[in-house]
Number of protein chains: 2
Amino acid sequence: MNRQDCLSLDAEDPLTALREQFELPDGTIYLDGNSLGVLPRAAAARVQQVIRDEWGRDLIRSWNTAGWIDLPQRIGDKIARLVGAGPGELIVADSTSVNLYKALTAALNLARADAPQRRAIVSERHNFPTDLYIAESLARERGLELRLVDADEIPAQLNDTLAVLMLTHVNYRTGRMHRMDELNRAAHAAGALVVWDLAHSAGAVPVNLLGSGPPEEAADFAVGCGYKYLNGGPGAPAFAWAHPRHTARMDAEQLWQPLSGWLGHAAPFEFTPNYRPAAGVARFICGTPPVLSMAALECGVDTVLAAEPHGGLAALRRKSVALTDLFIRLVEARCGGHGLTLQTPRDASARGSQVSFSRDDGGYAIVQALIERGVIGDFRAPDILRFGFTPLYTRFVDAWDATEHLMQVLQSGEWREARFNQRAAVT
Amino acid sequence: MNRQDCLSLDAEDPLTALREQFELPDGTIYLDGNSLGVLPRAAAARVQQVIRDEWGRDLIRSWNTAGWIDLPQRIGDKIARLVGAGPGELIVADSTSVNLYKALTAALNLARADAPQRRAIVSERHNFPTDLYIAESLARERGLELRLVDADEIPAQLNDTLAVLMLTHVNYRTGRMHRMDELNRAAHAAGALVVWDLAHSAGAVPVNLLGSGPPEEAADFAVGCGYKYLNGGPGAPAFAWAHPRHTARMDAEQLWQPLSGWLGHAAPFEFTPNYRPAAGVARFICGTPPVLSMAALECGVDTVLAAEPHGGLAALRRKSVALTDLFIRLVEARCGGHGLTLQTPRDASARGSQVSFSRDDGGYAIVQALIERGVIGDFRAPDILRFGFTPLYTRFVDAWDATEHLMQVLQSGEWREARFNQRAAVT
């Protein structure tokens, strides 16, 4: 395998035209789409239109004439197509953290309605911290128990003390991917519900929230992020999904989610003093959505939907696996002896769309030295060098060139220079 | 008083240059800045810069290089200057509804920590519904009591069963403004805390959260909206403020707010599994902020700060009172006999920056007929015609011309035409 081989892979890649959808800065190999996706070409013009025409000219009327009021559902229906959910089942609102608070509360209310002895929320010790913080807060507030375990200890936790299993589908540090259908089935067999965080999945790997097999393999609730693989822009609004069987039951039993804001009301413009949740998942909408950021998010989601005629997420997934396989092979072949340990599963079926290595020291500085060379990955404390491969725009030659730079950084020792060790506020 | 007199008032107005900060559509008299403020000229270029340079070119680095990570505090410090709060005491995040959930929970936790018998949340029956829905949800969840009373019944509620008094400073329907310092003092004397919603106050009327008199006149918590008088754009992020005495106590006693997202953590990039709230009000930050909408909001806040050399909010307030006084006088003089009843206090000290009339029927259609004529106010169910006067860009002649149109609509009966009675999704 050499650079020419990688160029040949790119030349044969049926998805290569999708890259034209993005503004990619010259001289940059961007392997951080799992932290902030790149700019879709359509976004700047679209947001300008929203600002000048919809806000500036049409002003308040745009809630009707430009359909601002429908944005949470309209964009939600688009994201639903990417995560195996049905139309009307998913909304865009707030941040992942806030949506998780809603979804986890709803799941706890439902799971414990007839089984108050179920007092445990189980999650992974190395889940993304915001998920753990939200669960910690809810557990504290309600006198429940948050149990953090390693991934292989999860099955032993699926018993009649479990209320909710809360997992991130693809781990932010290691890129390890859970088998969603199996865990759903096992948790349901134990009488518990499952809440999934799709931050590192939506737009990156096929997800089938409704399941493709028996009904017990469907998920219960899910939340996710707009600014990573959905290319929705910095801090793009997040999404929330609930299985229709739960929203139906929430109707009947008044099991609300607690963030009962006016736009989740059944009739917000009647301005009635009592809360009456909207039907279905719309009750997960809370306050007024940030329209400019929503508009950019829609452009980002459209870049992923543009893969549908080319095989959609299945095709993106094949390319993602090929890219990450290649990068693992190249780094291990060319950067050996420099203390990098692969943290991402070699088994592609257990891997998201990223490759992570750990290193006992210097990880932060090595990432900084790479960034100075135009290879942008990121560092995750305490010891992870993380490289995201976004099949929409990452090329095989990018994997080659990134490896080349990594090898040079390690061989030259340039990362030891003081300037690469000065921590920035955001790492 | 005639139209020429109004033009003379505009010619003499020392604030008239501030209007140049905005893109105002030709032929429109915009009296709905209390629902969505107009577009600041700076916003389109600023958001383009964020999209093209910060997102498109610099990508993930912009969290450091463009200071995205500091946006909640940086814009928060600017808003603090407009509401009588100190630097570092106010942050921008989420929506008003979500922030109210945080603030009300924190207030309840603090008020009840040593006095669990305080089980009441008191608010106004005609408070904005989202505030009531959030309080209803919290009361339900915690087995507390939400008592809704009329404004003049509030003093009787200030007793040792009261935990939190939760009020909107300026009522969204009537424009009636509470005396914040007096109510704070009275509630504190009763041992309760006060949470203020400043949605119709921030940028419109002088607010002094820290109080100008004895310490017991200071407020406890406040939230507010970015898209009304702060001109931050559709669905602009909201803000939250907490008195420093409370955040200090929250440190010592682990009285968290429940939306413990990662960006409110003391060290978010250490990715530790346990939540440790940031010092001060930063713990009210939750998830990642929507950067594009934050950038537009900052432009909007700057348009209000631009009044500081011209006398700031005191000068804006003088103009606002003059505008609303004028509009009340003109409508009563020229539109009499058409069933309009003033709902806004005649006493300017009890009035925000809006004028509302009720009408037994036809209110919605009358507002639609006015909108077709280019006079944009709004209708609030069940019977309110609402006109916001934003002293930054509303002229005295606008008050005259709006009255002229209103008179013509009422005299001609054109509002009875069927098309004005077709309800849109957003009213």
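Hey, can you tell me all the residues within segment A:187-207 that are over 20 Å from A:S353 (Cα atoms) and surrounded by fewer than 19 Cβ atoms within 10 Å (Cβ to Cβ)? If you could, list the steps in order and put the result at the bottom.
Of the residues in segment A:187-207, the ones over 20 Å from A:S353 (Cα atoms) are A:187-195.
Listed by number, the residues that qualify are A:A189, A:A190, A:G191.
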Could you list, in sequence order, all residues of segment B:297-331 that are surrounded by fewer than 17 Cβ atoms within 10 Å (Cβ to Cβ), under 18 Å from the mean Cα position of the chain (by Cα) and not aliphatic (A, V, I, L, M)?
B:G312
What about B:A307, is it among the small types (G, A, S) and away from chain A (no Cβ under 11 Å)?
yes
Going through segment B:258-303 one residue at a time, which ones are within 16 Å of A:S95 (Cα to Cα), polar (S, T, N, Q) and either more than 7 Å from chain A (Cβ to nearest Cβ) or out of contact with any Gly (no Cβ under 6 Å at 6 or more places or on another chain) (or both)?
B:S260, B:S293
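Here is a yes/no grid of residues against (1) surrounded by fewer than 23 Cβ atoms within 10 Å (Cβ to Cβ); (2) under 26 Å from the mean Cα position of the chain (by Cα); (3) closer than 27 Å to B:L82 by Cβ:
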| site | (1), (2), (3) |
| --- | --- |
| B:A333 | yes, no, no |
| B:G339 | yes, no, no |
| B:L342 | yes, yes, no |
| B:R359 | yes, yes, no |
| B:T394 | no, yes, yes |
| B:A399 | no, yes, yes |
Those residues of segment B:50-59 which are within 15 Å of B:P289 (Cβ to Cβ) and either facing chain A (nearest Cβ under 7 Å) or touching a Phe, Trp or Tyr at 6+ places or on another chain (Cβ under 8 Å) (or both), in sequence order
B:E54, B:W55
Give the residue that is nearest to B:D302 (Cα to Cα), with candidates limited to residues of segment B:392-405 that are touching a strand residue (DSSP E or B) at 6+ places or on another chain (Cβ under 7 Å) and away from chain A (no Cβ under 14 Å).
B:D398
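Every residue, every condition in (1) more than 14 Å from chain A (Cβ to nearest Cβ); (2) of a type in the set (G, A, S), yes or no:
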position	(1), (2)
B:S358	no, yes
B:I366	yes, no
B:R386	no, no
B:S412	yes, yes
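Given the residues B:E124, B:E145, B:E141, B:E136, which is the only one that is within 18 Å of A:N274 (Cα to Cα) and at pLDDT below 95?
Numbers: B:E124 fails: at pLDDT below 95; B:E145 fails: at pLDDT below 95; B:E136 fails: at pLDDT below 95.
Exactly one of B:E124, B:E145, B:E141, B:E136 is within 18 Å of A:N274 (Cα to Cα) and at pLDDT below 95, namely B:E141.
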B:L210 vs (1) part of a loop (DSSP other than H, G, I, E, B); (2) more than 19 Å from the chain's Cα centre (by Cα); (3) surrounded by fewer than 19 Cβ atoms within 10 Å (Cβ to Cβ): all pass except (2)
Across segment A:401-427, what is the total count of residues that are crowded, with 22+ Cβ neighbours inside 10 Å and among the small types (G, A, S)?
1
Go through the residues of segment A:11-32 one by one and say whether even a single one is at the interface with chain B (Cβ under 7 Å from one of its Cβ atoms), within 30 Å of A:R334 (Cα to Cα), within 23 Å of the chain's Cα centre (by Cα) and surrounded by 14 or more Cβ atoms within 10 Å (Cβ to Cβ).
yes
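Could you look through segment B:156-185, keep only residues that are loosely packed, with under 14 Cβ neighbours inside 10 Å and out of contact with any strand residue (DSSP E or B) (no Cβ under 9 Å at 6 or more places or on another chain), and pick out the one that is nearest to B:L342 (Cα to Cα)?
Within segment B:156-185, the match that is nearest to B:L342 (Cα to Cα) is B:R179.
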Members of segment B:55-104 found to be crowded, with 24+ Cβ neighbours inside 10 Å and of a type in the set (S, T, Y), listed by number
B:S95, B:T96, B:S97, B:Y101
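If I filter segment A:174-196 for residues that are in contact with a His (Cβ under 7 Å, 6 or more places away or on another chain) and either charged (D, E, K, R) or at pLDDT below 95 (or both), do I get at least one hit? Step through it out loud before you land on a result.
First pass over segment A:174-196, keeping only residues in contact with a His (Cβ under 7 Å, 6 or more places away or on another chain): A:177-178, A:180, A:196.
Next, from what is left, pick out any that are either charged (D, E, K, R) or at pLDDT below 95 (or both): none.
No.
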If you scan segment A:116-165, which residues turn out to be among the hydrophobic types (A, V, I, L, M, F, W, C) and part of a loop (DSSP other than H, G, I, E, B)?
A:F128, A:L144, A:I154, A:L158
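Which of the residues that make up segment A:213-246 are charged (D, E, K, R) and assigned to a helix (DSSP H, G or I)? Even if it seems obvious, please write down each step before you answer.
Kept after step one, since they are charged (D, E, K, R), are these residues of segment A:213-246: A:216-217, A:220, A:228, A:245.
The answer is A:E216, A:E217, A:R245.
Can you name the residue in segment B:251-296 that is in a helix (DSSP H, G or I) and in contact with a strand residue (DSSP E or B) (Cβ under 7 Å, 6 or more places away or on another chain) and is also surrounded by the fewest Cβ atoms within 10 Å (Cβ to Cβ) among such residues? Reasoning before the result, please.
So the first thing to find is which residues in segment B:251-296 are in a helix (DSSP H, G or I), and the list is B:251-253, B:262-264, B:268-270, B:280-284, B:291-296.
Now drop any that are not in contact with a strand residue (DSSP E or B) (Cβ under 7 Å, 6 or more places away or on another chain), which leaves B:264, B:281-284, B:294.
On the way: B:G264: 28, B:V281: 28, B:A282: 19, B:R283: 28, B:F284: 31, B:M294: 28.
Looking at residues that are in a helix (DSSP H, G or I) and in contact with a strand residue (DSSP E or B) (Cβ under 7 Å, 6 or more places away or on another chain), I get B:A282.
The values are calculated or read from the model by the stated rules, or taken from the named source; none is laboratory data. Because the structure is predicted, anything quoted here is derived from the model rather than measured. Glycine gets a Cβ as well: all are built from the backbone with ideal geometry, and neighbour counts include every protein chain shown.
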